[in-house]
Amino acid sequence: MRARLPMLLAALAASTCAHAAQTLQLQGTLTGKDHQHYLELPFAVPDSTGRVDVTLQHDGSDERTVVDLGLLDAQGFRGWSGGSRRTISVSRYDASGGYLPGAIPAGQWKVLLGVPNIRARVQTPYNVSVTLWSEDEVQAGRDRKPLLLRDEAAWYRGDLHMHSTHSDGSCSSQQGNKVACPLFLSLQAAVRQGLDFVAVTEHNTISHLDELARHQPWFDRLLLIPGMEVTTFQGHANVFGVNGPLPFRLGDTLPNWNPLLREVNNSGALLSINHPALPSGEDCMGCGWTPAKPVDMAAVGAVEVVNARQADGPRSGVDFWEQQLQQGRRMTAIGGSDSHNPGAADGPSPIGLPATLVHATALSREAILAAIRQGRVVVDVDNVAASGLELWLQGDAGTRAEMGQQLDLPAGQWATLHTQLDYPRRLKIEFVVDGRRHPTTVEIDANGSQRASLRWRSDGQRHWLRVDARDADGSLRMLGNPVYVNWPQ
Ligand SMILES: [Zn+2]
Ligand SMILES: [Zn+2]
């Protein structure tokens, strides 16, 4: 085995890609002399680099030239993928199969090429493209290629809250012992529940980012959203769309929630207050929402109104959320199973119960988070509805708004609030206008859908109008987000 420096044309170029920091091209030509040898292609990694992407190109396959790929960082071995991959990536938090995630030390790195085969008189030009992303770009998610699993507008069904071995998830081992539960089992449980997306929200850590990135190609119908449950002594909040660690030491290194909220929103992520009505104290330390300092609630994107199956009663988050709406703070109601055990389908919080149904333009992280922000979102407590319930406000003057949208209605104008839902059994429908409940008559249309409507007259002020669907015993089964009237944009 010998290492030789090939003739390199190393060009440092500002990439034309809007997202890329800098790209190096390492070029050369393999000949018969390289047969069954290794080549090292050195390149410099500057300080504060957050990710290194490497792509190998050559067109010698027709002549049976085979080139293996590996990577050495400034301190030694970083990974090897042989002939299985032409593109690999390493960052502090994740890496391609065969490569180690971890710190990106500055200094001289080397792309390692192995040549299992090249014929004696063949010449095979190659090009190795190395893209270096800064730590800031990684933390902001600009290094990430958007992933689109489905390109159509639809109701997508997900679970936005769960834990695995990366925090306190546990389940039974092969021999029935309680062990930290592999993340893969949570994802398989989500598939069994018919979900389209999940957010994996571990307590104060992002050690699952690597595993999610490795699992996503296999789960090509289940969108995996990296999350983190910011778990403080003064409340819990899920952040959806994390790219790196977030501050959580509230009252210590984090003076209050507001710097975290700014960081989350600047990076395109979304923060949701979790289970705000759970108790705090020795029953459940830090679980209830009890911030010691004022919180910029306008920066909060969502509230988990149904945690596990706690849709009704004192542990429901609906009252907390509606109080925020009454104060003019627009935030989206969502649900989350808070599953800590994917194997316990009959346990206290199975994955997918409740489901959060999101009407998004596509099945991608960006589209799902945008739709949650927008608010066309329904909580389906038992994950049995055929789709999200529809809600729309039809003004007599011809204007119209769907759930999550805003309508200007001058004083004196009449409108009709409509709802339609498809559910396996008949439910009671209750409109909610500014927190006041309006039970109504349900009709079944020709398609078997349940429909109801409410006439409503605007007084020109700000209002929110939404709908709940309940069982005969009054228990909440589906919760819809509002249509907003005369609401500042
Ligand atoms: Zn929690
Ligand atoms: Zn949790």
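The values are calculated or read from the model by the stated rules, or taken from the named source; none is laboratory data. As the structure is a prediction and not an experimental result, all values here were calculated from the model. So basically every Cβ, Gly included, is an ideal-geometry build from the backbone, and we count neighbours across all protein chains shown. The area values use the complete protein model at the heavy-atom level, side chains included, leaving out ligands, DNA and RNA. Shrake-Rupley method; radii C 1.70, N 1.55, O 1.52, S 1.80 Å.
Tabulated data for the structure shown
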read-out: Alpha carbon centroid spacing (whole Å) that separates the stretch 428-447 from the stretch 263-327; value: 26 Å
read-out: Built amide H within the under 5 Å cut-off of Asp459, gap 5+; value: Gly412
read-out: Tilt relative to the chain, helix 257-266 - C-alpha long axis, 0 to 90 degrees, to 10; value: 60 degrees
read-out: Contour minus Cα-Cα distance for Leu254 and Lys293 (0.36 nm per residue); value: 12.9 nm
read-out: Extension gain from Asp396 to Thr416, taking 0.36 nm per residue of separation minus the Cα-Cα distance; value: 6.4 nm
read-out: Orientation-averaged projected area, Cα convex hull of the stretch 64-183 (nm²); value: 13.3 nm²
read-out: Under the Karplus curve 6.51 cos²θ - 1.76 cosθ + 1.60, θ = phi - 60°, whole-Hz ³J(HN,Hα) for the stretch 364-371, x wherever Gly or Pro sits; value: 8, 4, 5, 5, 5, 5, 5, 5
read-out: Distance in nm between pseudo-label sites at Arg121 and Asp445 (7 Å out along the Cβ direction from Cα); value: 7.6 nm
read-out: Within the chain: Cβ-based charge dipole about Cα centre, in debye rounded to nearest 20 (Lys, Arg +1; Asp, Glu -1); value: 720 debye
read-out: Cα centroid separation, the stretch 52-72 to the stretch 330-364 (Å); value: 42 Å
read-out: Contact order normalised by residue count of the stretch 3-139, Cα under 8 Å, 6+ apart, percent; value: 38 percent
read-out: About the Cα centre, charge dipole magnitude for the stretch 3-139 (Lys/Arg +1, Asp/Glu -1 at Cβ), debye; value: 480 debye
read-out: Relative contact order (%) - criterion: Cα under 8 Å, at least six apart; region: the chain; value: 11 percent
read-out: Amide proton proximity set for Phe233, modelled H, under 5 Å, gap of 5+; value: Leu250
read-out: Amide H within-cut-off set for Gly50, under 5 Å, with H built and near neighbours excluded; value: Trp133, Ser134, Glu135
read-out: Debye intensity ratio in log₁₀ form over the Cα atoms of the stretch 385-489, taken at each q of 0.20 Å⁻¹; value: -0.97
read-out: Karplus-derived HN-Hα couplings along the stretch 475-489 (A = 6.51, B = -1.76, C = 1.60, θ = phi - 60°), whole Hz, x at Gly and Pro; value: 6, 6, 10, 9, 10, x, 7, x, 8, 9, 10, 6, 9, x, 6
read-out: Percent accessible area from carbon and sulfur atoms, the stretch 385-489, protein chains only, probe 1.4 Å; value: 45 percent
read-out: Sum of -39500 (n - 2.57) over DSSP H runs of 4+, divided by residues of the chain (222 nm, nearest 500); value: -3000 deg cm²/dmol
read-out: Part-to-part distance (alpha-carbon centres) for the stretch 372-417 and the stretch 158-231, which is given in Å; value: 33 Å
read-out: Cα gyration tensor shape of the stretch 147-383, rounded if a/c is under 1.5, else prolate or oblate by comparing a/b with b/c; value: rounded
read-out: Farthest positive-ward along the chain dipole, Cα basis, beta-carbon charges - from Val467, Leu389, Val52; value: Val52
read-out: Rounded if a/c under 1.5, otherwise prolate or oblate - the chain, Cα gyration tensor axes; value: prolate
read-out: Gain upon complete extension [Gln489, Gln57; 0.36 nm per residue less C-alpha separation]; value: 150.6 nm
read-out: Per residue accessible area of the stretch 3-139, 1.4 Å probe, in Å²; value: 48 Å²
read-out: Neighbourhood charge, 14 Å Cβ-Cβ cut-off, centred on Ala298 and excluding it, Lys, Arg +1 and Asp, Glu -1; value: +3
read-out: Backbone HN-Hα couplings from phi across the stretch 299-305 [Karplus 6.51/-1.76/1.60, Hz, Gly and Pro as x]; value: 8, 7, x, 7, 10, 7, 7
read-out: Surface share of carbon and sulfur [accessible, 1.4 angstrom probe, percent] for the stretch 147-383; value: 50 percent
read-out: Net charge contributed by nearby residues that have their C-beta within less than 14 Å of Leu148 (K/R +1, D/E -1); value: 0
read-out: Fraction of the pair-distance distribution of the stretch 350-434 above 19 Å, Cα-Cα pairs, percent; value: 49 percent
read-out: Normalised alpha carbon radius of gyration of the stretch 229-314 [divisor 2.2 N^0.38 Å]; value: 1.06
read-out: Of all DSSP beta bridges in the chain, antiparallel share, percent nearest 5; value: 85 percent
read-out: Chymotrypsin sites (Phe, Trp or Tyr not before Pro) restricted to DSSP loop in the stretch 139-219 with at most 11 other C-beta within 10 Å; value: Trp218
read-out: Three-way shape label, the stretch 139-281, alpha-carbon gyration tensor, a/c 1.5; value: oblate
read-out: Distance (nanometres) between label positions extended 7 Å along Cα→Cβ at Ala154 and Thr361; value: 1.8 nm
read-out: On Cα atoms only, tilt of 183-192 relative to the major axis of the chain in degrees; value: 50 degrees
read-out: Counted charge near Arg157, where neighbours are those whose Cβ lies closer than 11 Å (Asp, Glu -1; Lys, Arg +1); value: -3
